[in-house]
Every structure is written in structure tokens, then in C-alpha cells.
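Since every read-out is calculated from the coordinates, none of them should be taken as a lab result. As the structure is a prediction and not an experimental result, all values here were calculated from the model. Neighbour counts run over all protein chains shown; Cβ positions are idealised from the backbone, glycine included.
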Amino acid sequence: MSPTIIWLDHSFGGIHAARLVLPHGSAMDPQGGAGMHQLLAGSLTRGCGDLGAVAFAEHIETLGGSLRSDTSDDRLVLALKCVSTDAPQLLPLLLEMVETPHLQDEQVRLEQDLNLQSLQRMQEDPFALAHEQLRLLLYGSGTYGHDPLGRRDELEGIDPEAIRHAARALPCHQATMVISGPADEPLQRLVQERISCWQASAGVRPQLGSISANNWAGVGADTEQSVLMLGFRTVPIHAPEALALRLLQVHLGVGMSSRLFQSLRETHGLVYDVGAELALRELESPFIWHLSTSAEQAVAALDALLAEWQQVLQAPLPEASLELARAKLRGQEALGRQTGAQRAERTALCLSLGLPGDYHQRAMEWIETISATDVLEAARRWLQHPVLSACGPAASLSALQSRWQQVVPPQRSAAAAR
Amino acid sequence: MPTDSLADLRPCLGYPAPQQRTLDNGCPVTLLPLAEASVACLQFWCQAGSWREQSGEAGIAHFLEHMVFKGSDGLPAGAFDHRVEAVGGQSNAATGFDDVHYHVLLPPEGLSLALELLPRLVLTPGLQEQDFQLERQVVLEELAQSEDQPEEVAFQQLLALGCGQHPYGRPILGTREDLQGMTPAAMGAFQSRHYRADRCAVAIGGRFDPEVVLHQLQSGPVGELPATTTAEAASAGLAVAPGRHRVHLPRLESARLLMLWAAPPAKAQQQLSGLDLWTTALAEGRSSRLVKRLREELQLVESIDLELHPLEDGSLMVLEAVCEPSQLEAVAQEVETLLQQAAAGMSQAELARARRLLEHGHRFSLEAIGPLTQMLGQTSLSRRLQSFDEPLQRLASWNSDSLKPLAAALDPSLACILEVLPL
């Protein structure tokens, strides 16, 4: 295996967009080191090669470029956007960030402090509080169990030396670089030569821990609304059922015609915000149904949500609903490929996960062959065992907990769930 | 038949010149046909933002935007969403202080459907009693959700303290009291007062045939819109009351320093372009003065932002710094010192950097059809439609000397300052 480099030639307006994707997401955070890879990603923007932290920022900003370095659960992504005339100066910088980052104590400590403050500020948001607990229920304290920013107590303890150590794994053959914009031959050659020298191993791949024996978590907060998140641990993006679950998620949660929106908002007027997310990942992906509603109607909203869940397990989708979901997915595909940055990001993430670069286009053909029975079978296999995380006033939490335990008893074990 | 206007619009930055047309009733329609585009976008804009609300109407502009999606004659609730999404489209709407807009982004084949449905939905809303009661609950939930975010609460308090009785000081979502008292009849009256041909604009970008869409618009509800008969009462304009305030909020984790200044109205584009250069030089990127000093060197803040919001009755500039509660005093002092130093002007290097960041930000924003059409819709509504490179020319016209006096607009003694701390 060698690093993948793709140039997407179609571009507009003299703009280059590039994505360098590395298999070092927060899933790679070590036990007790939650937040390490996000800290690493942020620190990469604080000096490399001949440029110290200040000079690095000035260089990019003087050229009017846009540069981000972030981790998601699965991947570390460096993202660049610039006018094409600056690409010969800025593209090699992406490689330098990975090859020769400075990661000086003082700069890593600054980034660490900023991340700690961001984590603290996230505690103001009831959605973030509920989501934090939901991750723990679904994945425990290990892989996928925390926000990429980490956990306060663990992030505090990370030493800059550990960041420098983790950085050594970054320049690897599993890297994927996708550039949207006119291909300039010397630049192409330079990128190719540099990346082909990277090392073979990306490090030990992460593994998931077992799902929690608990299926309920409540976080008390003195808010007007209660946030409810119903979660399921489902399949990796490579699994045959992934697209069937994607169709179900679109049916339930995408757009104003979606089932949850129509039922909870338009019919019952219970919520403003309601949706369903399926973040397809390298390992078992979380499928989350969420809403927020005034504390006094939280139980009614839970009942409505559980009725939708029962419906999904009991009967196949009507053909018209399935066709609507397919149409919405096709629309998302078309509308989500407008800018060079969007195309580069999609292609890079797919290739990095071992999928074909045109996975999304091919998926549009595959969804035509997925039947309502396929969707029902996927739901019955993967949505049997929900967990519930709620955030809100104490009275609403205890009412929610007792209703939840009537409907979904907590004695389920990890073995029974799989 | 729709007529062409004489606006001087030129092709630039990779795009043809936008076509400005006017329907028989005076409603402007701006078209940007792009044969290569893979999508089409339809936007309907109207000057019925929360600014237009009168006593007892706080929140009616936004509530109406919700009610529009509950359907109209022959188009039951949900039918619009279903039909647009069934062709792979997405629709949404947003209400601001000055205006409200509705947009549909979809594959080009669906545009004719969107042109048939969106004007009916927006201009002939059903406003049925039962839907009204139900949707009011949804709007109240939206209000509750926003009130559960301490940052939102702090920002609303800043606007209320700074803008006083001006409508910009009121939340766009409205107040519980006014929302509870609203009736479909009052909403209907608000609708017909403001949704008028001369206070609306349509913009379409992407792949389509201009003559076909113009005909469809002219022969539908947009073409039938009456023009305004009564002039809007003149506003005294926005003033920001200087002062220093402090508030303690529950569930706040990090302290905030908020500062609010008045700036010239949106039509003063040249002045605002200069202020854009100032806010960028001061707070955009790690090399900017405030970020460099407060975040990178002194490590006093988690983040610091300074934004200019162009508004028709007087623009607003807002500074937000996020820090540990124990650092708030030090942050406030350092910010004031740096803002006072701005009066001495900015260097050539700072100007070059700020200009480039803004120029490239503008070029990047033109890449997708949605934001592009949005720019056309908003500038058509305010009668400031212009070539795509016009903002770049304004930025280029400034130099260090001409920018220097503008810094006075950010003098801390003119600001409404709110210090926000945990309980």
C-alpha cells in the first residue's frame, strides 16, 4: 500500500481546495488520553519546517488562505482553501505540517488550554451534555466514547512529549490526499515524491469496547426544555446493511417531509427541533434520534418517539416512503457536490475508509435495489436495543426514567445485544 | 411583459452579468442562468423582518414565516415539503431584523415545480386557526430552546441594553406575551401590509431558461402582488446607548465580554467596507491584533471575535471575548487599550493582510449556487444589486490614511459593554 493522491480537475473560479486525510481520529486516543488527537491536530497549525508559530499564521493569513486541522472520530483532516496562484506555496505546507511539525511545549500547552476551555463551554449546551452521556452508554470509556475534544480530567494530564510521540505516526502510507483545482505538473510531482517517502505503518488500529449494561442516563440541568437522545449502536460503513439504515435515517430525520418531523412537530406540535443522524463510521456507527421539548411534555414526546421506534421494527416502510427517501438521498448527493472543497472532502474520506472514490455515486444505484423488506430486516437486527440519554430538570428526568424502564427494561447484557 | 433595467452589471469572477428584470407590478427579479450548473436555486425575499413589527406584534414576522409552511389554498400542510423533497430538493426560510427569505435548492428539473409552489405558499398563506394554535406551540418551543443557551440570553440582553426601544433591541423570536395574544387575523393584516410587489424581490441562480421562469413568475402570485399604497413611517435611526453593565447568568461556564457599537446603515457600502477592513485587521486570524495579543501572547481568552452586521436602519458591530471568570477584568482592560490604539491607524502590512482575507473570503463565497443566489436576492431587495467584483473594488479603494479616521467608530467609550458572569 502507498499513499493515495488524487487531483480532481474540475474546478471553478481559480480556487484550489485540498484535503489531507490521515487515519488518526479520536478513536486512536489511548486509554486515559481522551482528546490527544484533537490536541495533536490543533498543534500542527502552530509551526512546522522553517516557520515558527507566529510566522506560520502570518504566512497563511497574508496569502488570504483558509486552513483547518481537526479530528473526527475516525480521521484527522487537514483542509486548505486558497486561490490557485497561491497553491504552489501553500500545498507543500500541508505536507510539512505532517512531516516536520514543531510541537513545542509552549504551543502545545496553549492549544491544550484552549481545548480545555472549549470543553468547559460545551457544558453550557444541554445537547452537548446529553450527547456526552449517550456516547458513554453506546461505547463506554474507550473508542468513540468521547467527543474528539476529549474529557477534561484526561486532557489535562496529556504531556507535550506524548503529542510529539503520536505525531510520528502521521506521515504514513494510509494517508489520502485529494486536491480540487487545476493540476500543475511540478506541483503534482513534488507532492507525489514527498508523500511516497512516508512510512508503512499508521500504528495500531482502534477497537471498540463492549456496550454498557445500562441503557439510561440522565443529566440534571435547570433548563426549560428536556433534551432526549435515543441511540443505537449499528454497523460499520462497509457493512451491507449500511445503506438500508441510511435510507431509514433519511426517511425518519431528513427534511420537513421526514417521519419524525411530521409526527412530532407537525401533528403533535411537541417540538421545534427533531431529527435523526447516522454518522457512518469505520467501526460500529451510532444512529441517534433526538429532540428537545418543554420539560412537562417530555414523557409525551418520549412516548411518541418510542411509538415511531416500534413502528420501524414492526412493519416495512410503505413503497412511497421508501421512494421519497431514495429521492432525498439522490438530492443530497447532487446538492452536496457543488464546491471543490465538498468534492475533495467526500472523495478523500471515502478513499481513506477503503471505499471507492465514487462511493456516493455508486450508492445511488445500489439504493434502487434495496427493498422495504431489506430496511425492515436491518432495523430488526440493529435497532432492537436502544439506549436513552436525557438532559433537563430533575422532575422531568425521573418521569422519563420510570417511563423508559417500563418500556425498555434495563437487564439487557452486551452479549444479548449483539 | 417584464422589462430590463439599466443597471450597469458586468460579467466577472467567472460569472456572466446577473440579469435584472422587473415584473409589471414593479417586483424585481434577478437571474443568473448558468448552463453548466448541476443545481438551481430559487429565493423569495421580502422586507418583512422583525423591524416592521408594531406594538403587540413581537415575533409575528418569524411566526408568519413558520405559518407559511402550513400551506395555502389547494396546498395542504406538508404538501410543499413533500413535493419539493420528492424531486431531491431542500427548502428553508429565515427571518432577520430587516427581511425574511424563503429558498429552495434543487436539481434543475425541479425548478418549474418550485416556481409553481413557492409563490403560492408564501403569498397566499392559509393561516388556519387549528394550524395557528399548533404552530404557536412549535414557536414557543423554539423560544424555550434558545433561552436554554446562556450565550443567546447574554446576546439578547446586550441588544436590549444597547438598542433601547429600537426594534433591533427585541428578539426576532418575539416575546411569550405577544405570541400568546396573536390571532390569524392580525397575522393576515401584517402579511398584506408588508408582502407587496415593491417590497419583495426574487432571485434565481443555476441552470434554467430565463424567459420560461420570467413568464412563470409574471403569470403567478408574484406577478399579481399589489404595490404599496402607504409609505412606511420614517425611522429615527439606530443609536447605541454607551454604558457598562454586568449580568450573572445561570448555567454559564465561561465568562463573556460583549461590546456593541452602532455603525452606518447598510446602504453606506463604502464606509462599511472600510469597517470590514478594521474588524478583520483587529480580530480575524492569529495575526490580527486582538487574537494575537489576548489569545496567543497573554493567553487570557479562549476566543475573541469582532463582527460587523450590516443593517438597513443602522449597522451593528459586536465584539465577543470568552474567558475564565477570573480573567474578565484583565480582558476588558486589554481590549479597551487595543481599541484605543486603533486610532493611530493600521500598517500597510495589516491592510494588505486584511484586504486579502476579505477578497478571498468573497471569492470563496461565490463558489456555490445557494450563497450566490442569496447575495443576488438580498441586494435586489435593498436595490443595491451590483457586479460580483464591486465589493473587491471598494476594498481596493482604501489606504492606511483614509482608514485611520474610521477607527473612531470602535472607540470603547461609544460601546455598550456587557460583562457576563456565572451566578
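Bin width 10 Å, origin at 0, all Cα-Cα pairs of the stretch B:243-422: what percent of pairs per bin? In whole percents, the pair-distance histogram is 9, 35, 33, 19, 4. Counting every alpha-carbon pair across the stretch B:12-224, the share separated by more than 29 Å comes to 30%.
From helices alone, chain A scores -14000 deg cm²/dmol at 222 nm; the rule is -39500 (n - 2.57) for each run of n ≥ 4 DSSP H residues, then divide by the residue total. Of the beta bridges in the stretch A:4-196, as assigned by DSSP with both residues counted there, near 80 percent are antiparallel. Label-to-label distance for B:ALA268 and B:ARG193 is 2.8 nm, based on points extended 7 Å past Cα in the beta-carbon direction. With a Förster radius of 45 Å applied to the beta-carbon distance between B:THR229 and B:GLU329, the computed FRET efficiency rounds to 0.20. Restricting attention to the protein assembly as shown, the count of lysine pairs at 8 or more positions apart or across chains with alpha carbons under 24 Å apart stands at 4. The mean number of Cβ atoms from other chains found within 10 Å of a Cβ in peptide B:357-366 is 4, as a whole number.
As a proxy for reagent exposure, A:THR369, B:THR379, B:THR373 were ordered by neighbouring Cβ count within 10 angstrom, fewest first; the result is A:THR369, B:THR379, B:THR373.
About the centre of its Cα atoms, chain B shows a dipole size close to 840 debye [charges on the beta carbon of Lys, Arg (+1) and Asp, Glu (-1) only; nearest 20 debye]. Other protein chain C-beta atoms within 10 Å of residue C-beta, averaged over B:134-147: 6. Dividing the helix sum by the residues of chain B, where each DSSP H run of 4 or more adds -39500 (n - 2.57), gives a mean residue ellipticity at 222 nm of -11500 deg cm²/dmol. The smallest convex shape that holds all Cα atoms of the protein assembly as shown, its convex hull, gives 159 Å³ per residue.
Please determine, in degrees from 0 to 90 and to the nearest 10, the orientation of helix A:359-369 with respect to the longest principal axis defined by the Cα atoms of chain A, where the helix direction is its Cα long axis. The two axes meet at around 30 degrees.
Between helix A:105-122 and chain A there is an angle of about 20 degrees, using the helix long axis and the longest principal axis of the Cα atoms. Say the dipole of the protein assembly as shown comes from +1 at the beta carbon of Lys and Arg and -1 at that of Asp and Glu; which of A:SER371, A:GLY220, B:GLN216 then lies farthest toward its positive end? With unit charges placed on the Cβ atoms, the residue in question is A:SER371. When peptides B:8-14, B:33-39, A:19-25, A:346-352 are ranked by their average number of other Cβ atoms within 10 Å per residue, the highest-first order is A:19-25, A:346-352, B:33-39, B:8-14. In a DSSP loop and with at most 16 other Cβ atoms within 10 Å, the trypsin sites (Lys or Arg not before Pro) in the stretch B:321-423 are B:ARG383, B:ARG384. Taking θ as phi - 60° and the Karplus parameters 6.51, -1.76 and 1.60, the scalar couplings of the stretch B:250-265 work out to x, 6, 8, 9, 10, 6, 10, 9, 10, 9, 10, 10, 7, 9, x, x Hz in sequence order, x denoting glycine and proline. The angle between the Cα long axis of helix A:185-196 and the longest principal axis of the Cα atoms of chain A comes to about 70 degrees, rounded to the nearest 10.
Take peptide B:299-308, look around each residue's Cβ out to 10 angstrom, count Cβ atoms belonging to other protein chains, and average those counts.
2
The modelled label-to-label distance between A:ARG362 and A:GLN405, using points 7 Å beyond Cα along the C-beta direction, is 4.8 nm. Across all directions, the shadow cast by the convex hull of chain B built on its C-alpha atoms averages 20.9 square nanometres.
Kirkwood-type hydrodynamic radius, chain A: 22.9 Å, calculated from all non-identical alpha-carbon pairs. When both bridge partners sit in the stretch B:243-422, DSSP labels roughly 75% of those beta bridges antiparallel. Largest first, the extents of the alpha carbon coordinates of the stretch A:306-345 on the three principal axes equal 42, 21, 10 Å. For the pair the stretch B:371-398 and the stretch A:233-284, the centres of their Cα atoms are 38 angstrom apart.
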